[in-house]
Every structure is written in structure tokens, then in C-alpha cells.
Amino acid sequence: MTDFLPEIHQATLPGGMKLLGVEYDRVPWLSLTFMAKRGAETDPLGKPGVADWAAELLTLGTARRNQLQLAEDIESRGAVLNARSGWDATLVSLEGLSEDFPELMGTLAEVVQTPGFPEDEFSLLAERRRGELVHQQNDPREMANIRYLRLFFGDSPYGHAVSGDLRNLDNIGVADLKEFYRREFTRATATLVVVGMATFDRVKEEAARLWGNWTGGGPASPPYDATPSSLAAPGIYLLDRPDLTQSEIRVGHLGLPRTHPDYFPLKLANYILGEGGFSSRLMARIRSDLGFTYGIRSSFSFRRAPGPFTVSTFTPAANTAQVVQEIRSVITDVHHNGVTNQELAEAQSYYVGHFPLGLETSRGIGRQMLSIDLYDLGTDYLKRYCDQIRGVTLKTAAAAAQDHLQPDNLVTLVMGPAAVCADSLRDIGPLKILDEI
């Protein structure tokens, strides 16, 4: 079962930056990624989006070339440049043909090490983001996700959308992006990952030549790994949206960090609860049995610090209270009674069977390597993964569900028409009606 697993090579460049590589020769393609191990959790209060905007602006011009020159060079090689920030990390990636390896590595080094931060491109970027955020206002599902984060986490580092907030857009200036780059792009907290048709010896040689003398900025922000000091109180919150005929429902509580020892048993228990599509308990009860929704899922967002556990669904407004009750009931059942042998076996079969699919491309392998490095999972993680999944027992899955599902501590947000669903929600518990979050 391990013959498809790539060997992960690692080295330290002359300046101290970490280098990881995998020799992957199925196709003549290369995936190169620079990772700064800080992300949107470092956004200044009142300025959500700084990290993600800074990542995009890196791709829009360097000290040597403007956006058009850079784009024409990359496109002429059939290559693709992307940059984004997320929780815990900011990534700048370049993919292209292996025959262009020296040029690709040189371009990535140029983008990361010598950004131009052009004012004209920043203005265009800000207007693009404004348009995207305005459009987002018309998507109830996305707005419910964002508002749940605001409600649940408040002003803590995870309490905003990575891409920014329309209310605070005008607070962000190019100086904020430069400061994020100066502080967080430093070799002390950076890793370069190269996957594809190139020997690791050659990768080391090119990386040492182009990255060995780069110092970057710093010192980086302290890693955010704390449990938030204050979260929303458990209860039901209703954000009145009289224009909606369906209610968007989010139910959850605080989850676990990625490095928690119960990661694998909880991953399987959650698959059975709500991650496993039509085989999950939530889907079976609320869609198949009751017909109240077309889709429902539960998820744990495992990050450096504890992220949220969230159940997400939607339903005709008249069914809102019953759906909220049923979600709580299903979570309570798994919390108290665990899962069955058949459910566990099916969940294990799914994850073991799908595992090789994530390693079929250089991009997929690179994604795994970035996660391994970011969360210090060990370079043998891929070799241990299937055994870790198979090693989960009914007892350990039940213990994880009992320890980490909190049916008595749920924060529920309903975004829907109060005139239709408020009274029935009051019947199942105290209700707080919100004008905005």
C-alpha cells in the first residue's frame, strides 16, 4: 500500500530557510511554493484581509518588472502564478514545465524577495475586492458563514473572513500590506517546497543560489496557538433577514488544534456525524428521513490554534426550529453513544481508499507537504497515515466524540425571516435577535 508514497527530501539552505522536495517524474511538470508561516490570523484589528491582499499584490509587479511584463513572461511558458493567505500561512506558488525549472525558480524568488507594491495596482486590487465583497452580500450561504465567524470568535484572530470585510475595506492601505510583508516574510519562519521532475540535488543547487542570501524581514509575529479568551455564549441567535424564504443555519462550538492527539479518531467520528455525505447521520436524519434540506454537513477546522466545529445547512423558514432541534439531537446521540462497527469500517475505507488520490499530482503532493511542515507532523506522516486511520477503534472513536462534541455548549446562528421562525425558535430555548453582526 506504500509503493505510491513519495520520498520527502529536506535540507537547510545557507541562510537558514527550510527546503523540502519530492522527485515526481510521472509528468514533466513542477510545482514550487514559498510558504510564510503566518496568515490571516495576524490581520490587524479593524483591517481584515491585509494578509490575503498582500499575497495577491506580490503577483502584480516586482522591483524589476511591472504586472504586464511579469504576466507575459509567465504565460509565455505556460506557467501559473498564484498567491493567497489563509489561516496560519501565506503561500506563493508557481507551476510550470520542468524544462523551465531555473526560470521558474528565478521568477518565484523575484516575486517573493523583491515585490514592487505598485500603488496603481493596489488601487485596482482594492476595487476588485470591493466588487467581490459587494457581490458576496447577495449570497446568503457565504454571508451566514462569515457572520457566524464574527459572532462566534468576536475580535479574536479567527473572527473575520480571510478575504476582507466590506465595512472595513477603506481602512486598508498599501502601507499595511508592506508591513505584513516586512514582518512575516522572513527566512526564519519560511519553507520552500518543490515537487516535480527535478532531482533534489539540482533543486538544492538552484535554491541555494537564488535563496541562500535572502534574509527577508522579521521578526515574525508570535504564532497564534491560544484558545480564545472569550467566545459567544451558547444559545440561539437570529439575524433577521425578512427577504429570505429559507433560513441559513450554523451550529457549532470550539474545536481542536491540528496537533491534538485525538485528530484521527475525531476525524472518523465527524465523518460519521456529518462529513460523510449521504452516509452521515445528519444527512440521513435531516434530509433522508425528514426532507428538510438538500444538504447538511459538519466540519472541524483544524488549525494551529483551536478552530471552529460547525454544522451548516439551510431549510424553508417554517422548518427552522425543528432542524435546529434535530441537529442538537444527532450530535447528542453521537456524543453519548458513539458510532457503530459498520459506520467506522465505512469511514476508514473511505479515507484509506481516497488517500492515494491526493498524491496523484505534483500540486496534491505539494499540498500535503505544506501541511506536514506547517503543523510539524513529521516527514513520515504520509507513511503513517493509513495505519493511523486503521488504528482507530470503536472505543477511541467513542471517547473522541464524548470528549470533543459539546451538545450542551452549542452556539447557533439562524439567518432568516424572524416573522416566520422567531416564535418557534423561542419554544426551544432563549433567543437573541440581532440587527447585524
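Quick notes
- Carbon plus sulfur fraction of accessible area for segment 1-75, probe 1.4 Å, in percent: 47
- Ligands, DNA and RNA aside, Lys432 has an accessible area near 120 Å² when probed at 1.4 Å.
- Annotation: per residue accessible area for the chain equals 43 Å², rounded to a whole number [probe 1.4 Å, protein chains only].
- A helix-only calculation puts the chain at -12000 deg cm²/dmol for mean residue ellipticity at 222 nm, using -39500 (n - 2.57) for each DSSP H run of at least four residues, averaged over all residues.
- Charge tally around Asn171: other residues with Cβ under 10 Å, Lys/Arg +1 each, Asp/Glu -1 each, net -1.
- Annotation: amide H of Arg297 within the under-5 Å range of Ser312, sequence separation 5 or more or interchain, hydrogens built in the peptide plane.
- Label point of Asp225 set 7 angstrom out along Cα-Cβ; within segment 247-262, amide nitrogens under 18 Å from it belong to 255-262.
- Accessible area, probe 1.4 Å, largest first, for residues Ile236, Ile433: Ile433, Ile236
- Count of lysine pairs in the chain with Cα separation under 29 Å (8 or more residues apart, or interchain): 15
- Angle between the chain longest axis and helix 119-136 axis [Cα atoms, degrees, rounded to 10]: 20
- Paramagnetic reach from Val27 in segment 79-123 [backbone N under 11 Å; point 7 Å along Cα→Cβ]: 96-97
- Our coupling estimate for segment 192-204, obtained by passing each phi through the Karplus curve with A = 6.51, B = -1.76, C = 1.60 and θ = phi - 60°, is 10, 10, 10, 10, x, 7, 7, 5, 5, 4, 5, 4, 4 Hz, Gly and Pro reported as x.
- Protein accessible area in segment 313-371, 1.4 Å probe - carbon and sulfur %: 47
- Accessible surface of His260 - all protein chains present, 1.4 Å probe, nearest 10 Å²: 50
- Compared with the dominant Cα axis of the chain, that is its longest principal axis, helix 341-354 is turned about 20°.
The values are calculated or read from the model by the stated rules, or taken from the named source; none is laboratory data. Note that the coordinates shown come from a computational prediction; the quantities given were computed from them, not determined experimentally. Here the Cβ is made from the backbone with ideal geometry for all residues, glycine too, and neighbour counts use every protein chain on show. We work out accessible area using only protein heavy atoms, side chains counted, and drop any ligands, DNA or RNA first. Shrake-Rupley method; radii C 1.70, N 1.55, O 1.52, S 1.80 Å.
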